[in-house]
Amino acid sequence: MAFESYREFVEELERAGELVRIREEVATELEISAISEREMFEPDGGKALLFERPTIAGRVSPFPVAVNTMGSARRMAMVMGKSTVEEAAAELGSLMKAKPPMNAREALKLAGVAVQLRHVKPKQVASGPCKEVVVRMDELGTGRGSGSVLIQDPTLLDMPILKCWPLDGGRFITLPCVVTEDPDTREVNLGMYRIQVLGPDLTGVHWQLQKVAARHGRRYYETGTRMPVAIFLGGDPAYAFSATAPLPDGLNEFLLAGFLRKKAVPMVRCETNHLMVPANADFVIEGYVDPKEPLIDEGPFGDHTGFYTPIDKYPAFHVTAITHRRQAIYPATVVGIPPKEDFYMGSASVKLFMPIFQMTFPEIVDIALPAEGVFHNLVFVSIRKTYPYQAQKIMYGLWGMGQMMFSKYIVVVDAEVDVHDTSEVLFRWMSNTDPARDIVMTHGPADVLDHATPRVGHGSKMGVDATRKLPAEGHPRPWPPIIATDAAVMDKVDALWQKLKKLKIETD
């Protein structure tokens, strides 16, 4: 299902009983995040929240703030236009496995695949709702508001951008879709990097050294030419999800958004640079990074690790224009001690791209990223083991795949283990391992947000082989069977169980 604005998505959430409207005035500094965090800790991620009267320094913003809109499995499925994320994953898997047709029936099936793909490629349009209001920074007047209500022609200071945690260095855009371009190949990247507001037209942009935007930036720094950057918010929520997806470098994230929407992403040129953004976005922030300027202080920020990341040096992003819908909704998220909204987004990514993992590693049954691992710190993998040291092959293979390089701990278990049941994985870890034999230690790239590594961006990693051991793996003893109830007895007990439960209730 394609959403043509964030408001349209929010209204669909409300129809589905997934949204709570908050009509009281709530401050964008600390108060919205405090309410949002409480809701995120509710069962299954709680509800999406729409703050209709957010305030900035006591004045009401004309732009509502939407938080936790993707913070549940059901809402993530709605983003993908499916009843479940697994349904979207199965559809993507069928496309990835498509083969040349051998007969008429297969040809018709392949034609159906082509129909699904016809909307994947973005299309350029002349204009769109994101340009209903155009504010150029070099044309601004001096008046920024009247009375208790802010005007609708904003600088960054007028937008309902959140300060989430007490020690944050200021207000941060937490759900930004950042568009950059490789100056050599003209390949476009859509990423998500937090943006710290430092003034009405100045921000710090936190693209980490391993990210694609940082690689693009290094080329501009080498040539000394200004780097165009565009940041947009809202529009179809598939855009924000695609910005976080672990796609291979060079693959345009707008292709994934078009696939999920089943409708081409309409793209319009920015007002003050040549980059293209979705015409149906709610907000667009245009500008540039100047390689001739020194890096600036960015942070601290209460991050998804559950800790504050300290002040560090990052590029300054100069805003040249802000455009927006007249009835725009400002989307935001709050990160911190898990589980939060980003946990559900990350889990959806793993499920959606499982077919791609399995194309490379067909022995993989399932992958889970437990909330306690704050995304990639802890990875559970189940495999169909058929030869010695296969678990080690999976560890090193995953460490070599995109953002999986940041994984600090990978635990590999046998096929029948439910990796989404942390207790079951821990049981197999404790019972199936000999530490000296089954633990692999290595070094590699680390998340720059990881405060535990001795150096920024580099640290150690541990792999655990919690599978059954084969004689060739240095285990000559017979491997015992796990305890399980007799199948025939279990069938009989299943029939009696409800009666036993009823009797227990009556006794109590």
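Antiparallel as a % of all DSSP beta bridges within the range 361-473, to the nearest 5? Kindly include the intermediate steps, with their values, before the conclusion.
Numbers: 12 of 22 bridges.
That works out to approximately 55 percent antiparallel.
Beyond 19 Å between alpha-carbons counts as too far, so tell me which of LYS121/LYS263; LYS340/LYS461; LYS351/LYS385; LYS47/LYS340; LYS121/LYS262 fall in that bin. Among LYS121/LYS263; LYS340/LYS461; LYS351/LYS385; LYS47/LYS340; LYS121/LYS262, the Cα-Cα distance tops 19 Å for LYS340/LYS461; LYS351/LYS385.
Relative to the current alpha-carbon distance between ALA90 and HIS475, full extension at 0.36 nm per residue lengthens the span by 134.8 nm.
Comparing PRO246, ILE356, GLY81 along the charge dipole axis of the chain, the residue lying farthest to the positive side is ILE356, per the Cβ-charge model. Relative to one another, the C-alpha centroids of the range 423-457 and the range 308-338 are positioned 33 Å apart.
Computed packing ranks the peptides 456-466, 431-441 as 456-466, 431-441, most packed first, by mean other Cβ atoms within 10 Å. Helix content alone sets the calculated 222 nm mean residue ellipticity of the chain: runs of n ≥ 4 DSSP H residues at -39500 (n - 2.57) each, divided across all residues, give -8500 deg cm²/dmol.
Spacing of the modelled spin labels on GLU424 and ASP312, each 7 Å from Cα toward Cβ, amounts to 3.7 nm.
Ordering ILE32, ILE483 by the number of other Cβ atoms within 10 Å of each residue's own Cβ, fewest first, gives ILE483, ILE32. Projecting the Cα positions of THR422, PRO388, ASN432 onto the charge dipole of the range 361-473 (unit charges on Cβ atoms of Lys, Arg, Asp and Glu, taken about the Cα centre) puts PRO388 furthest along the positive direction.
Quick one: ARG186, ARG194, fewest Cβ neighbours within 10 Å first, how do they rank?
ARG186, ARG194
Please work out how much length the chain gains when fully extended from MET359 to GLU271, using 0.36 nm per residue of separation minus the C-alpha to C-alpha distance, in nm with one decimal.
Working: separation 88, 0.36 × 88 = 31.68 nm, distance 4.19 nm.
Once the chain is fully extended between MET359 and GLU271, it gains 27.5 nm.
So if I place +1 on the C-beta of Lys and Arg and -1 on the C-beta of Asp and Glu, and nothing else carries charge, what would the dipole magnitude of the range 222-301 be about its Cα centre? I want it in debye, nearest 20.
Numbers: 6 positive and 11 negative charges, 102 e Å.
For the range 222-301, the charge dipole is close to 480 debye.
Positive-end ranking of VAL133, PRO480, PRO43 along the dipole of the chain, with charges on Cβ about the Cα centre, is headed by PRO480. With the highest mean first, a sort of the peptides 199-210, 331-342 on other beta-carbon atoms found within 10 angstrom per residue produces 331-342, 199-210.
Using the Cβ-Cβ distance between THR223 and VAL133 with R0 = 30 Å, the FRET efficiency computed as 1/(1 + (r/R0)^6) comes to roughly 0.30.
For ASP290, ASP249, what ranking results if the residue with the fewest other Cβ atoms within 10 Å of its Cβ goes first? Intermediate values should be presented prior to the final figure.
On the way: ASP290 17, ASP249 11.
Ranked by crowding around the Cβ, least crowded first: ASP249, ASP290.
Which residues does a label at MET405 reach in the range 243-280, if reach means a backbone N under 20 Å from a point 7 Å past the Cα toward the Cβ? Counting only backbone N, you get 243-253. Only Lys, Arg, Asp and Glu carry charge here, each on its Cβ (+1 for the first two, -1 for the last two); on that basis the range 85-332 has a dipole of about 900 debye about its Cα centre.
Annotation: lysines with alpha-carbon distance below 24 angstrom to LYS502 (same-chain offsets under eight excluded): LYS492.
By average Cβ neighbour count within 10 Å, what is the ranking of 318-326, 278-286, 128-136 from highest down?
Numbers: 318-326: 21.1, 278-286: 26.0, 128-136: 18.3.
Put in order of decreasing packing, that is 278-286, 318-326, 128-136.
Please get the size of the charge dipole for the chain, origin at its Cα centre, with Cβ charges of +1 on Lys and Arg and -1 on Asp and Glu, quoted in debye to the nearest 20. Once rounded to the nearest 20, the dipole reads 1140 debye. Size of the range 404-458 from its Cα atoms: along the principal axes, largest to smallest, the extents are 37, 26, 16 Å.
None of the figures in this text is laboratory data; all of them are computed from the coordinates on show. Note that the coordinates shown come from a computational prediction; the quantities given were computed from them, not determined experimentally. All Cβ positions, even for glycine, are placed from backbone atoms using ideal geometry, and neighbour counts span all protein chains on display.
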